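Worksheet: the structure to be examined is printed underneath.
The values are calculated or read from the model by the stated rules, or taken from the named source; none is laboratory data. Note that this is a predicted model, so its numbers are computed, not measured. Here Cβ is always computed from backbone atoms with ideal geometry, including for glycine, and neighbour counts include all displayed protein chains.
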Amino acid sequence: MRKILRLALVQLRISASSAMAYRLDFFVEGLMSLVWMTLTLLPLVVLYGTRTSVAGWTADEALVIIGYFMLVRAVLEGVVSPSLVELVERIRSGAFDYTLLKPVDAQVLVSTAKFEPWKLFDVLGALALLVYAFVRRGYGPSAVDLALGSLLLVAGVAAMYALWIACAAAAFWVVRLDNLTYLLGAVFDVARWPIQVFRGAWRFVFTFVIPVALMTSYPAMALLGRLGGLRALAVVGCALAMLVASRLLWRVAIRNYTSASS
């Protein structure tokens with residue numbers, strides 16, 4: 001574990017140095033993060049402009065959902081997605097051979113291949129939004145709710161990572177994954193809304209098939225004190241199961257890898 005953390009820090013430092021080489025771009029990205037945050041909040045403002053609650057969620061509680069959505073998306077666009085794009089290019093060119101030759105687990109190397117440091121602005125904006133939501137409510141979360149909300153945030157990020165690793169594994173059979181990654185990115189936008197907004201088959205799909213509810217809705221419910229212990233345990237269990245399944249799929253993909261350079 002210490003070796004993995006050291007490797008991740010080295011990769012992060014390299015990415016940060018590359019980003020700061022063009023400092024104007026760094027601050028432009030910060031400005032774009034503010035614009036994106038505004039656009040993310042706009043549908044919420046329109047929706048709650050004429051009503052006090054939607055599917056049992058007030059505007060302040062919905063802001064908590066948006067905060068979690070921004071946090072998970074920052075991890076997705078700052079760490080996971082850039083690394084996935086890098087992996088597809090390595091497989092296409094045959095450079096993935098060199099990844100397999102290194103004395104570190106290939107999945108670790110792939111997962112830390114590239115970072116987008118300016119996504120830190122999104123993280124800060126999301127945290128500020130969460131604080132603002134509770135200021136509007138007039139009281140903050142209890143220590144237990146804060147701990148449970150943080151734990152489920154980690155579980156949500158793990159579930160998102162597992163889903164994208166499964167897509168990365170598919171790249172060993174189907175190299176062109178651009179459409180699939182765009183589709184998953186579009187589906188992930190659903191995570192900005194509480195799962196209770198959806199009915200019937202759609203709620204089932206977004207809870208169990210493409211579990212965006214695990215990434216934002218349930219962590220937000222935990223932070224708000226609206227999630228029971230058994231359900232929280234089930235969320236953590238599902239995230240762990242997804243990690244194990246994605247790891248097994250990755251190992252199968254590695255065994256079936258045929259070098260493009262051979």
(request) Those residues that are exposed (fewer than 14 other Cβ atoms within 10 Å of the Cβ) and in a loop (DSSP other than H, G, I, E, B), I need them from segment 226-241; list them, please. (result) GLY228
(message) Name the single residue that is surrounded by the most Cβ atoms within 10 Å (Cβ to Cβ) among those in segment 64-105 being of a type in the set (Ser, Thr, Tyr) and out of contact with any Pro (no Cβ under 8 Å at 6 or more places or on another chain).
(response) SER83
(request) Take VAL45 and decide whether it is under 16 Å from GLN196 (Cα atoms) and not charged (D, E, K, R). (result) no
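Results for (1) in a loop (DSSP other than H, G, I, E, B); (2) out of contact with any Asp or Glu (no Cβ under 7 Å at 6 or more places or on another chain), shown as yes or no for each residue.
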site	(1), (2)
PRO103	yes, yes
VAL110	no, yes
ALA113	yes, no
ASP122	no, yes
LEU127	no, yes
VAL131	no, yes
PRO141	yes, yes
VAL144	no, yes
LEU152	no, yes
(request) Have a look at ALA59, ALA19 and point out the one that is surrounded by 12 or more Cβ atoms within 10 Å (Cβ to Cβ), modelled with pLDDT of 85 or more, of a type in the set (Gly, Ala, Ser) and over 23 Å from ALA155 (Cβ atoms). (result) ALA59
(request) Kindly indicate whether GLY94 is in contact (Cβ under 8 Å) with a residue 40 or more places away in the chain and out of contact with any strand residue (DSSP E or B) (no Cβ under 6 Å at 6 or more places or on another chain). (result) yes
(request) Taking only segment 188-230 into account, find how many residues are of a type in the set (Gly, Ala, Ser) and within 16 Å of the chain's Cα centre (by Cα). (result) 4
(message) Can you find a residue that is in contact with a helix residue (DSSP H, G or I) (Cβ under 8 Å, 6 or more places away or on another chain), of a type outside the set (Ser, Thr, Tyr), more than 29 Å from PRO141 (Cβ to Cβ) and at pLDDT 90 or above anywhere in segment 229-245?
(response) yes
(message) Restricting to segment 191-216, count the residues that are outside any helix (DSSP H, G or I) and within 18 Å of TYR161 (Cα to Cα).
(response) 2
(request) Say whether the condition of being more than 26 Å from VAL244 (Cα to Cα), surrounded by fewer than 19 Cβ atoms within 10 Å (Cβ to Cβ) and either under 14 Å from the mean Cα position of the chain (by Cα) or touching a residue at least 24 places away in the same chain (Cβ under 8 Å) (or both) is met by at least one residue in segment 167-185. (result) no
(message) Quick check on ALA186: is it out of contact with any helix residue (DSSP H, G or I) (no Cβ under 9 Å at 6 or more places or on another chain), of a type in the set (A, V, I, L, M) and at pLDDT below 85?
(response) yes
